[in-house]
Protein chains: 2
Amino acid sequence: MYSLGIDYGTNSVRALIVRCTDGAEMGSAVVNYPSGSQGILLDKSDHNVARQNPADYLYGLEKSVTEAIRLARKKRGFSPDAVIGIGVDSTGSSPIPVDARNVPIAFQRKWRKNLNAQCWLWKDHTSWREAARITELAAQHHPEYIASCGGVYSSEWFWSKIWHCLNIDPAVFDAAWSWVELTDWVPSVLAGVNDPRAVKRGVCAAGHKALYAEDWGGLPEKDFLARLDPKIAELRDRLYEKAWDASEPAGSLCPQWAEKLGLKPGIPIAIGEFDVHYGAIGCGVKEGTLVKVIGTSTCDVGVVSTKKPVPDIPGICGIVKGAILPGYYGIEAGQSAVGDIFKWWVEVVCQGDEETHRVLTTEAAKQKPGQAGLLALDWNNGNRTILVDQRLSGLLLGQTLHTTRAEIYRALIEATAFGARTIIERLREYGVPIRRIICAGGIAEKNPMLMQIYADVTGCTMLVSGSSQACALGSAISAAVVAGAYKSFASAERQMTSLKDVVYKPIPAHRRVYDQLYELYRTLHDTFGGLKKDADLSGVMKRLLEIKEAQRA
Amino acid sequence: MYSLGIDYGTNSVRALIVRCTDGAEMGSAVVNYPSGSQGILLDKSDHNVARQNPADYLYGLEKSVTEAIRLARKKRGFSPDAVIGIGVDSTGSSPIPVDARNVPIAFQRKWRKNLNAQCWLWKDHTSWREAARITELAAQHHPEYIASCGGVYSSEWFWSKIWHCLNIDPAVFDAAWSWVELTDWVPSVLAGVNDPRAVKRGVCAAGHKALYAEDWGGLPEKDFLARLDPKIAELRDRLYEKAWDASEPAGSLCPQWAEKLGLKPGIPIAIGEFDVHYGAIGCGVKEGTLVKVIGTSTCDVGVVSTKKPVPDIPGICGIVKGAILPGYYGIEAGQSAVGDIFKWWVEVVCQGDEETHRVLTTEAAKQKPGQAGLLALDWNNGNRTILVDQRLSGLLLGQTLHTTRAEIYRALIEATAFGARTIIERLREYGVPIRRIICAGGIAEKNPMLMQIYADVTGCTMLVSGSSQACALGSAISAAVVAGAYKSFASAERQMTSLKDVVYKPIPAHRRVYDQLYELYRTLHDTFGGLKKDADLSGVMKRLLEIKEAQRA
């Protein structure tokens, strides 16, 4: 028996077929989205814009799955008929405006070229004003709505985006009968659902991103939504009443897509979850484990049993029942840019390429912590956790006339490690146990220097997921469970996930220096982030110079 | 009648022969110092080290002067016998350890390769600890010593450097019979002086840099110097009792050097001054004029009549009677790095060359003020005025994932303009009149974009010196005056200096944006510089984003 996981990333989609008994990979294929710049539709006049062409999702779906099947066929014993279920994960919140038949309005000639009619990709930050206003309104009228997302509603999320669309392009808003998250939409397409109200929505995407909770009867009440705009309140009737965790299927494969993909019709399709949530399952998440998916941005997720109450944690984006595993609160935090910052430095500023990444990594690896005298904030794309503020920007401090690009490269890596530590400290402070950290994603696998810095900065041993396709694997695990191959996620994870042999342990001498640098990082973080309003920064540059001189001596 | 000006810069020496009647240039030659990296001896393990091989000064002297004469000979009417005087300026404070015969100890085989036995170039910052201690001791025992240099003694100056030499390399200190500033040493060599006590020292270099003032009887009293070290107190006897302004000659050309250079023996040699001080004369400085020499670093100088008392101005490096023009206080301020910061960005970080400078300048010129959302501090080499603190470093803020190298290049230029404005505001605040600003130096001539930004940021019209060799011209003017071609510096300046036709006027729309950005600059400046110890920086990044969005709208 095999299951299929489909992972919609920021630049490409990946299909993965695994064996249900042990998670062995039978076939895998990646398809880059053909539209825009690396799959993203940009607007030169506004760096906050990030959209995606929904047609790319269908193109990538068919191409990646059929190719994965073609490759799996080469393995002994595999047959497409033995695929018992499909799971889908995607980026999010990435809502798509659809018509009354669940078809993206971007497929209509009229809207094809309109950026606002496309999928609003997770990292679109155009709606920061709306996000700030929703935060205000919720704080005033329904503080419970945002209590579990750190008290701050984000511009990356569902309502901000939809409301912003209404504000800047009401014609598009009016043309959309409803809005569906990418992660719910793909399963609904596979299941042949042609009514947005019939799309079985996942609680993962609904959770804090659409302010959904059973406690207050689903989505926010109409009166509240009317404070945004009466049209938003009306939209509520065309969305959904209930969202589901992964114990329920999203539907079963319709004949049309079964034929396109070469799979058996009728096999179950798992509820859609965001990439990192299924990624956590692909890494073997359980209580006490923090999973870090380190990519262009970073997501940090963990689970805590629903048997005990979980406190609201300031600045933690989302604590949602069933968002990852049924029976557990899913806790989600993250950094808005990690790999993207290194990419910016190397490709945009240094105008280099993959080889430049390698050269800078080699040079940076030779440096001692603190030796360059630099300190950076990892906010080039805002701060998701613990400040939940997109209206922040990068900062680099300590440069002299001799500072090299490799030193800055390392400082940027360290900045993301300090950001990671801030998240870990906040979670622990509020009683979330973190006994082990499992990392996944390309950077975790390919950059031992970064992983060692993360271990040294956080003081935690870093483990690496056995699968280099943890998100797709997690989707496949969910598919295996929903298809009945396992009775529980716990047993499926035990059988289907693994860890790599490599282990990154903190080096005590490095930790001591990074503890000093982290103190300075927190001073800058808290001051520029607004947590501290009467900071004395007169010693920051001098302290950096002292650390630098001590490390060079 | 002609006069010769010799200008010792950071990387090269320039000789200039001018006609005394109108300052017309007859011949000019530049010689790069052959030693070290672009003429500077560096130490890879300590970026504060900047030394120079004294042999380069003599090599450059002979080569530049003979070449300038060779070129001048091509002009009708010129003859070397018609050169009536020589003036010399140099960087400083750049003290050279010499033996009892006024010969640099670096010329001895034993010390040839010892970095501490060389000339301690102005921008050597190794002695920051000694500078801080001198500041402390002076504040406690003789506050008058540092009152006229902004209350802070600098690591760039005479006593810090010599004391540091004693602390780190006592053998070199003991081998040096005396120390002579480069700007005094070259005239003394030309005059054939072979006793350090007989070297006629200029008050320009002696002034605040060696804490010399007639008010307290010359150099600091022995008791004070003994607080540094008894050996420093002993050294006082082997230095000088009196320093002179430019109304006195330093000596007359000795036969040996007359022969080497092909000039008449016995012609007067003007008192040595620092490059910018003679540069101010070459620009036509008078009361109400601020002269900015914009190069690797920037020096800002002005004069105020000695008829009225001048207050101590906090953070202004030096107010010295006769340092520029006889009968006037010379006021000196400056920025530790300007061109050096652009050079660092282009050559070290971007790994580009002259062409890259051009490309980035073209791109940056297309941007509107504030459009990139960036803000930088110009402290990559510390801050000379108004903080007088070498223990500061660069800062860049506002970068996103789209920020380009050209945007950062422009932000660095703007940062130096904000630093320039800080100096202007401080001077005006204390009653120093600034009615016009004349700029000199390669950057002022070659970079109209920078000059316009300076006009827009400071709100002052920027004029450009007519001579591209203002420092050498000023030396030549001093030589003409000391040789009797003019009765006063005022009349010599009137005849021998000029302004370029180009004038940079502030553009009102730009000024408005830069006023907003300057407010943010001052917030960062005052907070990281220690002037403000309870700053609220939570709005800085948001304010930058607002300005950016307004400028892009």
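The values are calculated or read from the model by the stated rules, or taken from the named source; none is laboratory data. Just so it is clear, the model here is predicted, and its values are computed rather than measured. Here the Cβ is made from the backbone with ideal geometry for all residues, glycine too, and neighbour counts use every protein chain on show. The accessibility values were calculated without ligands, DNA or RNA, using every heavy atom of the protein model including side chains. Shrake-Rupley method; radii C 1.70, N 1.55, O 1.52, S 1.80 Å.
Residues of the stretch B:517-553 that bury at least 50 Å² of accessible area when the other protein chains are present, relative to the chain alone (probe 1.4 Å, heavy atoms, ligands and nucleic acids excluded): B:F528, B:K533, B:L537, B:S538, B:M541, B:K542, B:L545, B:E549. Sum up the charges of everything whose Cβ sits under 10 Å from the Cβ of B:D526, counting Lys and Arg as +1 and Asp and Glu as -1, but leave B:D526 out. For residues surrounding B:D526, the net value is +3. A straight chain from B:K533 to B:D215 at 0.36 nm per residue would run longer than the Cα-Cα distance by 110.9 nm. When the Cα centres of the stretch B:50-68 and the stretch A:484-553 are compared, how far apart do they sit, in Å? About 52 Å separates the Cα centre of the stretch B:50-68 from the one of the stretch A:484-553. Note on the protein assembly as shown: helix-only mean residue ellipticity at 222 nm, from DSSP H runs of 4+ residues weighted -39500 (n - 2.57) and normalised by residue number, equals -11500 deg cm²/dmol. Angle check, please: helix A:448-458 long axis (alpha carbons) against the longest principal axis of chain A (alpha carbons), in degrees 0 to 90, nearest 10. Its long axis makes an angle of about 70 degrees. For A:T356, the shell of other residues with beta-carbons less than 10 Å away shows a net charge of -2, using +1 for Lys and Arg and -1 for Asp and Glu. Helix A:540-552 axis versus longest C-alpha principal axis of chain A: approximately 80°, rounded to the nearest ten. In chain B, the portion of solvent-accessible area held by carbon and sulfur atoms comes to 49 percent [1.4 Å probe, whole percent, DNA, RNA and ligands not counted].
Buried accessible surface for the B/A chain pair comes to about 4600 Å², total over both chains, computed with a 1.4 Å probe. Taken over the alpha carbons of the protein assembly as shown as equal point scatterers, the Debye sum produces base-10 log I(q)/I(0) values at 0.06 Å⁻¹ of -0.56.
To the nearest ten degrees, helix B:508-528 and the longest principal axis of the Cα atoms of chain B are 70 degrees apart.
Just so you know, the averaged projected area of the alpha carbon convex hull for the stretch B:2-274 sits at 14.0 nm². So which of B:K63/B:K264; A:K532/B:K343; A:K209/A:K308 end up more than 29 Å apart by C-alpha? Going by Cα-Cα distance, A:K532/B:K343 fall outside the 29 Å limit.
In the neighborhood of A:A417, defined by Cβ-to-Cβ distances under 10 Å, what is the net charge if each Lys or Arg adds +1 and each Asp or Glu adds -1?
Every neighbour counted, the sum reads -2.
Spatially, the stretch A:241-264 and the stretch B:170-191 are offset by 88 Å when compared through their Cα centroids. Think of the protein assembly as shown as having a plus end and a minus end, set by charges on the Cβ of Lys, Arg, Asp and Glu; of A:V18, B:S336, A:S336, A:V18 sits farthest toward the positive end of this dipole. Would the stretch B:178-246 count as rounded, prolate or oblate if I go by the C-alpha gyration tensor, calling it rounded below 1.5 in a/c and otherwise prolate when a/b exceeds b/c, oblate otherwise? Oblate is the answer for the stretch B:178-246, as a/c is 1.5 or above yet b/c matches or exceeds a/b. Here the contact order of the stretch B:312-351, divided by its residue count and restricted to Cα pairs under 8 Å and six or more residues apart, works out to 27 percent. By DSSP, the beta bridges lying fully in the stretch A:2-274 are antiparallel in about 70 percent of cases. Overall, the stretch B:2-274 carries a charge dipole of about 1040 debye about its Cα centre when +1 sits on the Cβ of Lys and Arg and -1 on the Cβ of Asp and Glu, all other atoms neutral. Note on chain A: with charges restricted to the Cβ of Lys and Arg (+1) and Asp and Glu (-1), its dipole about the Cα centre is near 960 debye. Where both bridge residues fall in chain A, DSSP classifies roughly 70% of the beta bridges as antiparallel. If you average the alpha carbon positions of the stretch B:386-450 and of the stretch A:329-347, how far apart do those two centres end up, in angstrom? Cα centroid to Cα centroid, the span is 33 Å. Charge dipole (Cα centre; +1 on Lys/Arg Cβ, -1 on Asp/Glu Cβ; no other charges) of the stretch A:88-162 amounts to roughly 560 debye.
Surface analysis of the protein assembly as shown yields an accessible area of 34 Å² per residue, using protein heavy atoms and a 1.4 Å probe. The residues of the stretch B:318-361 occluded by other protein chains by 30 Å² or more of accessible area, set against the chain on its own, are B:W344, B:V348, B:V349, B:Q351; surface from heavy atoms, 1.4 Å probe.
Relative contact order of chain A, taken over Cα pairs closer than 8 Å and 6 or more residues apart, is 16 percent.
The trypsin sites (Lys or Arg not before Pro) found in the stretch A:1-68 that occupy coil by DSSP, while having at most 11 further C-beta atoms within 10 Å, are A:K44.
Ranked from shortest, the separations from the 7 Å Cα-to-Cβ label point of B:R76 to its equivalents in the other copies are 10.2 nm.
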